[in-house]
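What follows draws every value from the coordinates through simple rules; no lab data is involved. Keep in mind the model is a prediction, meaning the values are calculated, not measured. Positions of Cβ are backbone-derived with ideal geometry, glycine not excepted, and every protein chain shown enters the neighbour counts.
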Amino acid sequence: MYRASGLRIMQQLRRRIPAEIQGFQSAQVAPALQTFTFQQQQLQQHRWTSTTTASGKHSSPQATTPPPRHDWNRAVSEAERIVGYPTSFLSLRWLLSDEIANVALHLRKLVGSAHPLMKTAKHLLYNGKNTMQAWGLIVLLVSKAAGHAPSVPDVEQDKSAGVLHSQRALAEVTEMIRISHLVHNSVVNLQSSTQAGQDVATYDDMSFGNKIGLLTGDYLLGHSSAELANLRNQEVVELISSAVRDFSESEFIGERDEQNNPLPYKPGTFQRPSLSVGVDFNEHDVMTPMPIAQVLGNPEEEWECRNILNAGSLLGKSCQASLKLAGQSEELQRHAYRFGKHLALAWQACLDAEPFQCPQLPLDVTFSLVSAPVLFHLEHDPGMYAQLEAGKQSVDNIDYDKIHKAILAGPALVKTKELQRKHTAAALAVLQHFPATDARQALENIILAMQDL
Amino acid sequence: MACLSTSGRVVCGSRRQQAHKLLYQLLGSRPGLTAPAPSTGFTPPKVQQQAMRLFHGLSFSMGKDYPDLLQSPHKCSHSLKYSQSSQQNVRQHSSVHTQQPAGPVREFQIDPYIILDDDLKYFYDDVRYLLKSGTSQPELDTIASYYFDGQGKALRPMVTMLMAKAINYHLNNESHQLVHKQRQIALFSEMVHSASLVHDDVIDQSDFRRGKPSVNALWNHKKVTMAGDYILSIASIMIARLRSDDVTIVLSQILTDLVQGEFMQLGSRETENERFAHYLTKTYRKTASLIANALKATAVIAQADDNVAEVAFQYGRNIGLAFQLVDDMLDFVSSTEQMGKPTAADLKLGLATAPVLFACEKYPELNPMVMRRFSEPGDVERAFELVHKSHGLEQTRFLAKKHCNEAIRLAQELTESPYQKGLQVVADLVINRMK
């Protein structure tokens, strides 16, 4: 009874949100629904006649007839077919739990309030290109591209998809952890010294939203650790736990405004390191944190560090862990880690550049003050820091238009694109260590499509 | 024997000095280690402190003689003698009163905190060391270690270690390596508990905990949330390093239970019949599961059979339930100073705990208040008054007592040892505690 009602509530919620939240991208369908309809969409959009099965035969159509332009949605749906079925965690399984039915019920009370949790929920429900929904998918594709050791028993394999059941579970854990971080990040700082929730009505909304957000994130974390434990591989547990650690650590780096939005370091705070060699985790000890202090003062290295902690770590470590499950060599595991890391960084650079694609900053659009264009521009023109200081209390106090214009006039955007290309190339280069399969091809297509976004 | 101290931390203080003296007498002849001047308090040289904490925490580089000495039966008699001779100290230092009447002297006077002194002495230092080693960000370290100041009761690690050692004795396997692993499980239990406190602070928005400002009063709530996740991740890494699949599975159950318990507390509106069962399930998930599964994990890692593991689990479940029942009762009777947090806090949060649910039987007018979560003005005061007029508190205590007796019965299934006795004493401490 509970479950049925949970489903209904979720569906109602989906129908409600578009009406009540401004500025939502109307053309998109909730991912769970997409699951059922995407084949039809494919037929309409691309007039497909060939019915390639998901049997993992090496007969991918795009290998012979590459699409003229790399299309993101197409690259993703084709990739989903290659590994069996869409892996987005927002699948029916996720909806069929009492706790989530409960959350949906409570979320309804928040619809219309200004709590950032609603924004996060919206992002998760509507599969926009801005959210990298495809993380679990990437993990599965890397798993399939690498294959598994001959010693893995038959019962553990999902033959039709070419991945192990354990790898599928890991992909799900990866998405759960990422969502839990996003949800925990939507908690509002309600300390009495802050601006947030000063009047009673909003305070109640905010504090209720915090409660739901916190519990939902904890629910996801708790379930991911239970799923991880069931994989019965302690090295994998160790690795993925350290990715959770990296997520939390990333929220402490550098200066922050009242709502913990990051601000860049004041130019000249650190001596610029003489040798700009990238830093990464200690391979032999996952407990050792990222030595970020070594690179502060170099915009590119600093950006890289922040975003490895914030994104690359989970994707890289999940890819690595997935190959661990398949009994692959340490060397291939390292390649998988590097692939995930570079892919996440390339993706982040692409997202960072996005607000600067149009000459005028669209209304209500802002950008992170530690995004690559801002950091590069600060290196070029340290004087801009004076304007950023206005954001010390809240980043909303900053004149984004002015900074947008300044950045467009400077060399930062070119450098950001360069950065993206650098990591794209690195990811593609690492891929060459994997055997040529339809899964590898799908990964390449996703990377190329990302470049065109 | 007037009081079995519940204030283990305080006793440890005085006991600790004597233990150190004993230890340094024993070690005095070893080359490279010199005994400190015994006169002024106790301030060990840094090198020695380091050597000590390595033994307790992370490696076994210490000479073998020292642990052997402490393991010998000789040590046990020392331990008992010291616990008697330090009675005077207990009375002087203990700030806590128990409800146990000054009656006939008990046959065995075991203070679990004293027999576990070796395991608990550097407990919080080890947690803080772990948390520090996992991050490069000082603020994260500060928030994460805030509640590991050694001021808590350390009930969970204490019970975990008692059960671990009782099981080891039962199985006749007392290797130091095993104890070390079980101690990691104890660390895990305390870390998960603190992580849940940190997240609770953000949810409940209370300003004080354990007599000091709570984390949410001092730091950005976003950072506090992340610090909770951080503690959890470090604890998971530590457990993964034990390389035992079964232990990880048993312990991961704790996390899912904790969250499910929190969701249950968000409150669906059950009928009167279901309400008590709902309350007990919630209590199990929020409190007892942590103790029960941690105790079970110590049995699993000792490769005990399923029966022993089940004894450990059920003992922990009963102790956990009794502990929470007493906690819910104390919420109505203790003063703010004693608890370190405001009283009737549960009512103010809209929660109907056992005393209220029992009181409902005599005063049905409480039912609508329970349903509306004591939200109307005057509800909290009225409910508080009715609970005191009813037998709700006695009934809650009676239920807790039943769980404690069951726990004692379960403990008796293990081979008799000081630790097994200690498990029975813990049941007394839980029912008789005042804070």
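In table form, for the structure just shown:
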read-out	value
FRET efficiency estimate (nearest 0.05) - Cβ-Cβ, B:Thr281 to B:Lys362, R0 25 angstrom	0.55
Test item: Cα-centred dipole of the range B:122-432, Lys/Arg +1 and Asp/Glu -1 on Cβ, debye	320
Peptide-level mean, for B:202-215, of C-beta atoms on other protein chains within 10 Å	2
The range B:185-251 - Debye-derived log10 I(q)/I(0), Cα point model, q = 0.15, 0.17 Å⁻¹	-0.52, -0.62
Cα centroid separation - the range B:378-410 against the range A:275-333, whole Å	53
Flagged links, alpha-carbon separation over 32 Å, of B:Lys165/B:Lys282; A:Lys266/B:Lys132; B:Lys132/B:Lys165; A:Lys324/B:Lys296; A:Lys211/A:Lys417	A:Lys211/A:Lys417
All aspartates and glutamates inside 13 Å of A:Lys392 as judged from Cα atoms, apart from same-chain residues fewer than 8 positions distant	A:Glu255, A:Asp257, A:Glu258
Long pairs among B:Lys286/B:Lys401; B:Lys121/B:Lys212; B:Lys181/B:Lys402, criterion Cα-Cα beyond 30 Å	B:Lys181/B:Lys402
For the range B:286-292, 3J(HN,Hα) per residue [Karplus equation, 6.51 cos²θ - 1.76 cosθ + 1.60, θ = phi - 60°, Hz, x = Gly/Pro]	6, 10, 6, 4, 4, 5, 4
For B:126-139, mean number of other protein chain Cβ atoms within 10 Å	3
Residues with amide H under 5 Å from that of B:Phe208, placed H, sequence gap 5 or more	B:Ser214
Overall dimensions of the range B:122-432 as given by Cα atoms, namely Rg and Dmax in Å	19.7, 60
Cβ charges +1 (Lys, Arg) and -1 (Asp, Glu), total dipole of the range B:133-291, debye	300
Share of pairwise Cα separations in the range A:263-371, more than 17 Å, in percent	62
Average other protein chain Cβ within 10 Å of Cβ, residues A:231-240	5
Gyration tensor over alpha-carbon atoms, the range B:211-328, equivalent ellipsoid semi-axes in Å	26, 24, 13
Intensity falloff of the range A:158-276 expressed as log10 I(q)/I(0), Debye formula with alpha-carbon point scatterers, at q = 0.10, 0.15 Å⁻¹	-0.49, -0.85
Global size of the range A:316-453 as Cα Rg and Dmax, reported in angstrom	18.4, 53
Translational diffusion of the range B:132-219, µm² s⁻¹ [Kirkwood Rh, Cα pairs; Stokes-Einstein; 25 °C; 0.890 mPa s]	166
Simple Cβ-charge dipole of the range B:283-435, Lys/Arg +1 and Asp/Glu -1, about Cα centre, in debye nearest 20	140
Angstrom value of the Kirkwood radius, inverse mean 1/r, which spans all Cα pairs in the range B:368-435	14.6
Residue-by-residue Karplus 3J(HN,Hα) for the range A:111-118, coefficients 6.51, -1.76, 1.60, Hz, glycine and proline x	4, x, 7, 8, 5, x, 4, 5
Orientation-averaged projected area, Cα convex hull of the range B:311-425 (nm²)	8.1
